[in-house]
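Heads up, the thing below is written out as structure tokens.
The values are calculated or read from the model by the stated rules, or taken from the named source; none is laboratory data. Computed from a prediction, not measured in an experiment: that's the story for all the values here. As a convention, Cβ positions derive from the backbone with ideal geometry for all residues, glycine included, and neighbour counts pool all protein chains shown. Calculation scope for accessible area: heavy atoms of the full protein, side chains included, ligands and nucleic acids excluded. Shrake-Rupley method; radii C 1.70, N 1.55, O 1.52, S 1.80 Å.
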Amino acid sequence: MAFLVYTIIPVHNRKEFTRNCLRSLQRQTVSDRLRIIVVDDGSEDGTDEMLAAEFPEVIVLRVDGNLFWTAAINLGIRHALAHGAEYVLTLNNDTVAFENFLEQMLFWASLTPDSLLGALDIDIKTGKPYYGGERVDWKWSTSRYLLNELKVEDQKGIHEVSLFPGRGLLIPKIVFETIGLFEEGKLPHYLADYDFTQMARRNGFKVYCNYDAKLYTYPEEGGDPKLRKRKNFKNYFLHLFSIRGGGNLKNFTIYTLRNCPSKYLMTSLFVGYARRMVGYWLK
């Protein structure tokens, strides 16, 4: 049978994370509906040997280590679409999917065709939800986080959001046919996923967080959380100016210019700069 979902996982080292992620995908209740593409961007820790020995069914696209997140995701998406993908699931390797994750994604995809569906993130250390989508207030460059607003009994089903990150994001092929791929030229690493989902919404596609589809994640393992964990002026500079810095001012400017309503642009930029420059020392 034709595979419905192609999962794209960009990796650079961190072999054990990749192994655990792939094992969780093997355990899916509807694993026969899934094909996996790993984009190995220059790993040097034996990732390629591990993939060949333990996951021979996985499609591996090997590149030289210079793609960063956005170009790696796009490489995998092009391959998936060329081979008949109906849906693409973008996924980080530092995630572990619940066994019914894909089943719940496909269930809600069948009820909300042409919509983008993100997953509920569960902190693997605490077992508690920590990200369930957000709704943006451009006027003040802030977000309202749904987990802070929904009662526990309402944390189920799908909830519409303004944007969504690329870890655990199910995208129907019609979205790519309509708006193209992620913006790799201007947003090579951070904010390309938020930008993509904002653009999808402007083109009439709904974006939801699917609270029934759950992923274990490692909140402290991202590049920017590590820069924040050890606060010093070197990491502060990297936070604001490096490609892997979550507070990268250039990326924030490009993202805001592309997505913010014009009437809120100046306020959003000013507040956003202040939050990134000062907030590093406060969190």
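Send over the Kirkwood Rh of the chain, from the inverse of the averaged 1/r over different Cα pairs, rounded to one decimal Å. Don't skip to the end; give the middle numbers.
On the way: mean 1/r = 0.0518 Å⁻¹.
One decimal place: 19.3 Å for the Kirkwood radius.
Counting protein heavy atoms only, the stretch 1-145 has 51 percent of its accessible area on carbon and sulfur, 1.4 angstrom probe. Averaging 1/r over each pair of different alpha-carbon atoms in the stretch 78-163 and inverting the result gives 15.1 Å, the Kirkwood hydrodynamic radius. Computed from backbone phi with θ = phi - 60° and the Karplus coefficients 6.51, -1.76 and 1.60, the 3J(HN,Hα) list for the stretch 116-129 is 9, 10, x, 9, 7, 8, 10, 5, 5, 7, 9, x, 10, x Hz; x is used for glycine and proline.
Taking 26 Å as the cut-off for C-alpha to C-alpha distance, list the pairs among 15/151; 206/229; 151/173; 229/250; 15/156 that go past it.
Working: 15/151 37 Å; 206/229 35 Å; 151/173 33 Å; 229/250 22 Å; 15/156 33 Å.
Beyond 26 Å: 15/151; 206/229; 151/173; 15/156.
The GluC sites (Glu not before Pro) of the stretch 1-62 meeting both criteria, a DSSP state outside H, G, I, E and B (loop) and at most 14 other C-beta atoms within 10 angstrom of the site's C-beta, are 44, 57. Based on protein heavy atoms only, the chain ends up with 47 Å² per residue of surface accessible to a 1.4 Å probe. With all protein chains present, calculate the accessible area of residue 209 using a 1.4 Å probe and round the result to the nearest 10 Å². Its heavy atoms expose roughly 0 Å² to the probe. Towards the positive end of the charge dipole of the chain, with charges on Cβ (+1 Lys, Arg; -1 Asp, Glu), say which of 124, 25, 172 has the farthest Cα. So the residue we want is 124. The residues packed around residue 255, meaning those with a beta-carbon under 13 Å from its beta-carbon, carry a net charge of +1 if Lys and Arg are +1 and Asp and Glu are -1.
Counting alpha carbon pairs within less than 8 Å and at least 6 residues apart, what relative contact order, in whole percent, applies to the chain?
Details: 547 pairs, mean separation 55.3, N = 283.
Answer for the chain is 20 percent.
Among 75, 191, 89, the largest mean-square fluctuation in a Gaussian network model of the chain, built with springs joining Cα atoms closer than 10 Å, belongs to 75. In the stretch 42-99 the Cα-Cα distances spread across 10 Å bins starting at 0 as 17, 49, 32, 1 percent of all pairs. Taking the 1.4 Å solvent-accessible surface of the stretch 190-283 as the whole, the part contributed by carbon and sulfur is 60%. What the phi angles of the stretch 76-91 give under the Karplus curve with 6.51, -1.76 and 1.60, with θ = phi - 60°, is a coupling list of x, 5, 4, 5, 4, 5, 5, 10, x, 4, 8, 9, 10, 10, 7, 8 Hz, glycine and proline written as x. What the phi angles of the stretch 167-176 give under the Karplus curve with 6.51, -1.76 and 1.60, with θ = phi - 60°, is a coupling list of 7, x, 10, 8, 10, x, 4, 4, 5, 5 Hz, glycine and proline written as x.
Between the amide H of residue 43 and those of 13, distances stay under 5 Å, these residues lying 5 or more places away or on another chain, with hydrogens modeled in the peptide plane.
In debye to the nearest 20, how big a dipole does the stretch 165-283 give about its Cα centre with +1 on each Lys and Arg Cβ and -1 on each Asp and Glu Cβ?
Numbers: 20 positive and 9 negative charges, 101 e Å.
About 480 debye.
Between the residues 82, 55, 69, the greatest Cα displacement towards the positive end of the dipole of the stretch 49-169, with unit charges on the Cβ of Lys, Arg, Asp and Glu, is found for 69.
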